[in-house]
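Below: one structure, written as structure tokens.
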Number of protein chains: 4
Amino acid sequence: MIKVGIIGATGYAGGELVRILISHKDAEIVWYGSKSYINQKYSSVYRNMFQIVDAECMDDNMEALAEQVDVIFTATPQGFCASLVNEEILSKVKIIDLSADFRIKDVSVYEKWYSMKHKSPQFIKEAVYGLCEVNREQVVHARLVANPGCYTTCSILTAYPLAKEGLIDMDSLIIDAKSGTSGAGRSAKTANLFCEVNENIKAYGVATHRHTPEIEEQLGYASGQNVVLNFTPHLIPMNRGILATEYAKLKRNASYEDVKAIYDKYYGKEKFIRVLEKDVYPETKWVEGSNYVDINFKIDERTGRIIMMGAIDNLVKGAAGQAVQNMNLMFGLKESEGLELVPMFP
Amino acid sequence: MIKVGIIGATGYAGGELVRILISHKDAEIVWYGSKSYINQKYSSVYRNMFQIVDAECMDDNMEALAEQVDVIFTATPQGFCASLVNEEILSKVKIIDLSADFRIKDVSVYEKWYSMKHKSPQFIKEAVYGLCEVNREQVVHARLVANPGCYTTCSILTAYPLAKEGLIDMDSLIIDAKSGTSGAGRSAKTANLFCEVNENIKAYGVATHRHTPEIEEQLGYASGQNVVLNFTPHLIPMNRGILATEYAKLKRNASYEDVKAIYDKYYGKEKFIRVLEKDVYPETKWVEGSNYVDINFKIDERTGRIIMMGAIDNLVKGAAGQAVQNMNLMFGLKESEGLELVPMFP
Amino acid sequence: MIKVGIIGATGYAGGELVRILISHKDAEIVWYGSKSYINQKYSSVYRNMFQIVDAECMDDNMEALAEQVDVIFTATPQGFCASLVNEEILSKVKIIDLSADFRIKDVSVYEKWYSMKHKSPQFIKEAVYGLCEVNREQVVHARLVANPGCYTTCSILTAYPLAKEGLIDMDSLIIDAKSGTSGAGRSAKTANLFCEVNENIKAYGVATHRHTPEIEEQLGYASGQNVVLNFTPHLIPMNRGILATEYAKLKRNASYEDVKAIYDKYYGKEKFIRVLEKDVYPETKWVEGSNYVDINFKIDERTGRIIMMGAIDNLVKGAAGQAVQNMNLMFGLKESEGLELVPMFP
Amino acid sequence: MIKVGIIGATGYAGGELVRILISHKDAEIVWYGSKSYINQKYSSVYRNMFQIVDAECMDDNMEALAEQVDVIFTATPQGFCASLVNEEILSKVKIIDLSADFRIKDVSVYEKWYSMKHKSPQFIKEAVYGLCEVNREQVVHARLVANPGCYTTCSILTAYPLAKEGLIDMDSLIIDAKSGTSGAGRSAKTANLFCEVNENIKAYGVATHRHTPEIEEQLGYASGQNVVLNFTPHLIPMNRGILATEYAKLKRNASYEDVKAIYDKYYGKEKFIRVLEKDVYPETKWVEGSNYVDINFKIDERTGRIIMMGAIDNLVKGAAGQAVQNMNLMFGLKESEGLELVPMFP
């Protein structure tokens, strides 16, 4: 039984880690870290867990935690994990960081987009970018995994095979993404009140959203070139779900079957990626509560562009589910253990 | 492995049966009945099931089905199950009927409220009302289970211990219930369009809703007297969930502790009923996707009334989950098998 | 042109006052008070008002304000208006208070339910309870109007004619009310975040909500007896709207026509109260954005009860619209001036 | 007083025409056409209109109507208006067609995208494309106005000044649009049920949506070149509102001030177009219920692209509001008459 500690267990991503791990047959949560709720019953913060989780919230003490658990999930604000991790801790425990601290290999890019000094750049190189379908082998041997962002998971996986195969002009790539409101977190802000979000849609972080360099870096590795793109997130009046609609010029003529074959080459055996049937487009509701990524595409011969679409549950494949998938890989478990969650509809 | 057939697999309750049974380790669905979608892939109707369910929809042939399966779930309109069931079928297969056909023991009451002739009244007496926490022993030995309605499950369980112990004046009982829109089914009606339901609330079926006599009959058994009450359902702009707010006069002085002790007496050992902590009131989101019933109460000394509140997921404990709970009991399985679903929040 | 000052112009009720008064042909807002946003453009707080309102937010200075305006609306927390009002101010300006400070005539009841000392009890007697359809004549001559609460407006008007005519047993009256989330205000609280309210319903303030004594007092005046009742509010995932479902025993046999005649007697000539056609029940969407109250009832002969239902827009008839209706009466304008708002559907 | 007839008065756009025209001081609706509801009270179809509209629904008889009214609005399916209009009718009455029949000047383009034969191509040339801010002068003298589509109004106006001034590379233009569900109409389809739309987002009509050629034609006129672009609509779980996010390469270096000056040149005096302040992006809620278009942009120097964003209420500026704006122009009334609707928030 793998002993698990969660730091930041009372945010939405932390809550989803608990929901998933509670039913995981090889893992056991022994530390529900939440500085804001120390000594309070976890189930008084998330009452869906009443009579399911009996534990109280603990402090964010990573050193103490490293003595007691096999793996630490940090579902914390940017900068937190980087400020605490050190060689001694990493020698005792594996870390899966759900923040952005170790996602970006170029520390200057991180420091520019996140407007903060990186506290432990010495671990950036070692850290594995935990997008399982792309970096599976490295994840298996990692001590420190940088769990990808929600928008980035969806954005990258939707375009990855075509970037990798050189089918699309990377300079023409535009990603228009739409997210449910749980992505904004659980802190009390006027802008996230029900009455402000409901019956409304807006773009935000236009040309400045922090997930941009993460997407660019990863699609840069895939395509073997420097990638600079437009990424525009939008806030949608729903709890969960991200839909990415991506536009790119085709570099050569390609039929539906050609493109489908490329997607199948990369994803045909992937349990959690479903390339949909022709002309069936992803909907976030079809993946809600599950670790699936639903993907499809449409070639527009009039414009010479391909429109790629991907949908995930931002809290599962976009955060907690992918983190558990990484844990499974790191501990030699079945990759889908605890993640055979059937999407809930309606 | 129990072989399962579902008639009406493409309604919302049928879809939820599939979601739950897919992960049930002792059951296997072998017949996805849906007259409207015969020969179409089930996953083309519910695309959340893509790459999970490969089967096609079948006809509603109960006789053929009885040869092939161990249990039939009928998630069909009123009158359907009663029109097809017969002794030969019941000798071969167990039936769990999610419609109202066998819920009401007094056939004249059924015929009056449902405005239809009952097609097989000879089975009404045998049929067990499948409210597991109340009729567990009878369910174990049943061939034919009448799975309770969604509003009724919530309404009855919320008041049951106090009715049973004679603490409340049954003539004073008023049930004001609120339901998500999946309770209205998946058929295309203008009144259930997004724009008609969203940003709106209304009462409907005032003083005439068909779940009324079912609640009255069961609370009549519990209290040992004839019960006539007001039940008012309301439509809420959300997908899932029922909240019942119930009002009754206390027949004698009772403290919080007295009432809590009564609830604990009946529900203290029930896995799926959670009596909440003092002054914490049920919210439908805390049970979403799960088989839980969350219950609590407040004594109002000013008026001498007690306000009881209960919340369920109408598609799980209010339909498919309870049906599987009944199946587990009927086949000698662990009662919670396949039902250890952690509520999803948010 | 009536000069208007609003204190608390950046709450949801304050915002609605602005929306309505902007189109009022005899009134002009000259003071947008909002302590939290002093010197900021009003339209930077409510961007729907961009290029419509050019003013900046001002301090909450009631004395200065009294020199400049003809009427002050206080859309402020409880206790604020009572702490500032004095004879000198009232000699210069009319006040319409949207808080509870002057709604309850029995100061000890106010102090008990609101847990605060009343700062100017000497004005309670003078203050007119501004439920226009009930107290029209007194409003006309008032200096200080206590604008009714949202739940109370809906709850009282729904039952008023039957209470007044002695048709219902006031001891049996139960009010189960449901409100959209704008009623919770615009302050940043976790419980009001989109993800906490959406797809959820709960009761709150059970047997303790502060609108209870206000309803009891007014229905007490109507029925000529002391009224103690149950009032239970619920939070609904929608922006606007209140639906009250009310239950009471009929004191004597009454047909549909009898009851309809009573409603028509009181409301037949009221522009803003619509008694719906037989068996058509109120829906909040049908009054959204307007000053209407939609009311109907159903007699349940089985239980001897009548179920009364009323719907309003909580921000209009439940707050700002009624406040403007009061202003119109106080200044001798056409009562419906600025309030001929057609409900918006969908 | 202008006499108005509406054909298709019971669809959502028709209902919105009624909402707006009821408060229009120079117009009077004398014919509520609705084939589906002939002889039924209009207010029994839209109960928000109870006691406001007393009329019954009439047949779709355009010839009879032409005798009785000054202007006919056709809020009907494609093909309807073109099949009935003729010279005699046009000699008696002005027509504002809310369908696509006369929007596209190239009849072969119309017939290809709409898969139907055009029944009266002889009027296409005469028909004026009723985008008031662009074609104001022609509208003034028109007998037949083709009222623009909802997506197209938003998409065109957002990019128009930059297309007109040649600032953007028209071949690079991509429009990613998001619409509330009222755009899907009021007919009963499973895909538009509350439970299917709520908590969900999807793209649809990818590379094939019929508003594409309309946008291309109009932006072609503006830019003076043939335009072929990508337009992708998405369905959002809200009642009203369209947000268009548009991406294009800048053809030359341009600062924020340069671009702002261009927008101001075209829209600075337009009452219904609000170019927002720097870094404030449009939100659909800020225009809900009103005839405003909110627009803004962001230059991304990294990619050399400009991101333009526009928001409208699809039923107002995207349909009924613009139709009334056209009527005002055609009859020499104040352009904003009846349209000074303040956006409703929340």
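Taking a Cβ cut-off of under 13 Å around residue A:68, the surrounding Lys, Arg, Asp and Glu residues balance to a net charge of -3, with basic ones at +1 and acidic ones at -1. Per residue, the protein assembly as shown reaches -8500 deg cm²/dmol at 222 nm when only DSSP H runs of four or more residues are counted, each adding -39500 (n - 2.57). The same position residue A:141 in the other copies lies at 6.5, 7.9, 9.3 nm from this copy, comparing label points 7 Å beyond Cα toward the beta-carbon, shortest first. Here the 3J(HN,Hα) profile of region B:292-299, calculated from phi with Karplus coefficients 6.51, -1.76 and 1.60 at θ = phi - 60°, is 6, 10, 9, 9, 7, 8, 9, 8 Hz, Gly and Pro shown as x.
Neighbours of residue C:10 by Cβ distance under 10 Å: Lys/Arg scored +1, Asp/Glu scored -1, total +2. If you average the C-alpha positions of region B:122-192 and of region A:273-338 separately, how far apart do those two centres end up, in angstrom? About 39 Å separates the Cα centre of region B:122-192 from the one of region A:273-338. Say we join alpha carbon atoms closer than 10 Å with springs in a Gaussian network model of chain C; which of C:121, C:282, C:161 then has the biggest fluctuation? It is C:121. Counting Cβ atoms of other protein chains within 10 Å of each Cβ in B:53-59 and taking the mean gives 0.
Per residue, the convex hull spanned by the Cα atoms of region B:107-249 amounts to 129 cubic angstrom. Each of C:56, C:214 was scored by other Cβ atoms within 10 Å of its Cβ. Listed from fewest to most, they are C:56, C:214. Built from the Cα atoms of region D:85-124, the convex hull projects on average onto 2.8 nm², one quarter of its surface area. Pair-distance distribution P(r) for region A:256-346, from all Cα-Cα distances in 10 Å bins starting at 0: 17, 42, 29, 11, 1 percent. Our coupling estimate for region C:271-278, obtained by passing each phi through the Karplus curve with A = 6.51, B = -1.76, C = 1.60 and θ = phi - 60°, is 4, 9, 10, 10, 7, 6, 6, 3 Hz, Gly and Pro reported as x.
Globularity index of region A:298-337 is 1.85 (Cα radius of gyration / 2.2 N^0.38 Å, N = number of residues). Between C:162, C:17, C:90, the GNM of chain C built on Cα springs shorter than 10 angstrom shows C:90 fluctuating the most.
Here each label is just a point 7 Å from Cα along the line to Cβ, and for residue A:208 and residue B:190 those points are 4.8 nm apart.
Residue of chain A with the Cβ closest to the rotation axis carrying A onto D, and that distance rounded to whole Å: A:176, 2. Taking 18 Å as the straight-line reach from the Cα of residue D:189, the aspartates and glutamates in range (excluding those fewer than 8 positions away in the same chain) are A:283, B:196, D:199. With the simple model of a label 7 Å out from the Cα in the direction of the Cβ, residue A:257 to residue C:56 spans 7.0 nm. Rounded to the nearest angstrom and listed largest first, the equivalent-ellipsoid semi-axes of region D:170-323 from its Cα gyration tensor are 27, 18, 15. The ranking of C:306, A:175 from fewest to most other beta carbons within 10 Å of each one's beta carbon is C:306, A:175. For region C:165-249, the extents of the C-alpha atoms along the principal axes are 44, 21, 19 Å, listed from largest to smallest.
The Kirkwood hydrodynamic radius of region C:1-122, based on inverse pair distances between different Cα atoms, is 14.9 Å. Once you have the Kirkwood Rh of region D:245-295 from its Cα pairs, apply Stokes-Einstein at 37 °C and 0.692 mPa s and quote D in µm²/s. Rounded, D is 266 µm²/s.
Evaluated with a Cβ-only charge set (Lys, Arg +1; Asp, Glu -1), chain A carries a dipole of roughly 340 debye about its Cα centre, given to the nearest 20.
Near residue D:22: Cβ cut-off under 12 Å, other residues only, Lys/Arg at +1 and Asp/Glu at -1. The net charge is -2. Bridgeable aspartates and glutamates around residue C:92 (alpha carbons under 18 Å apart, same-chain partners fewer than 8 residues away excluded): C:28, C:60, C:63, C:67, C:70, C:126. Taking each of A:178/A:260; B:105/B:278; A:202/A:285; D:251/D:298 in turn, the alpha-carbon distance tops 26 angstrom for B:105/B:278. Which of A:330, A:116, A:170 moves most in a GNM of chain A, Cα contacts under 10 Å? Between A:330, A:116, A:170, it is A:116 that shows the largest mean-square fluctuation.
Using alpha carbon coordinates only, what is the Rg to Rh ratio of chain D, with Rh defined as the Kirkwood radius? Using only Cα positions, Rg/Rh for chain D is 0.96.
Compared with the alpha-carbon gap, the fully stretched path from residue B:302 to residue B:28 is longer by 93.2 nm at 0.36 nm per residue. Between copies, the label points at residue C:115 (set 7 angstrom from Cα along Cα-to-Cβ) are spaced 3.8, 5.1, 6.4 nm, reported in nanometres from shortest to longest. Only lysines eight or more places from residue D:25 in sequence, or on another chain, were considered; those with a Cα closer than 22 Å are C:25, C:271, C:334, D:3, D:94, D:271, D:317, D:334. With a Förster radius of 56 Å applied to the C-beta separation of residue A:63 and residue C:119, the computed FRET efficiency comes to 0.55.
Using a 7 Å projection from Cα along Cα-to-Cβ, the label point at residue D:261 is separated from the same position in the remaining copies by 5.4, 7.8, 8.5 nm, smallest value first. Computed with the Debye formula from one identical point scatterer per Cα of region D:68-158, without solvent, the log10 of I(q)/I(0) at q = 0.20 Å⁻¹ comes to -0.96. Relative to its residue count, the protein assembly as shown spans a Cα convex hull of 173 Å³ per residue. Our coupling estimate for region B:92-102, obtained by passing each phi through the Karplus curve with A = 6.51, B = -1.76, C = 1.60 and θ = phi - 60°, is 9, 8, 8, 10, 10, 9, 7, 8, 8, 3, 10 Hz, Gly and Pro reported as x.
Legend: calculated FRET efficiency, residue B:337 to residue D:280, from the Cβ-Cβ distance at R0 = 51 Å, rounded to 0.05, equals 0.40.
Each value in this text was obtained by applying a stated rule to the coordinates, not by laboratory testing. Being a predicted model, the structure only gives us computed values, none of them experimental. Neighbour counts are summed over all protein chains in view; Cβ atoms, including those assigned to glycine, are modelled from backbone coordinates with ideal geometry.
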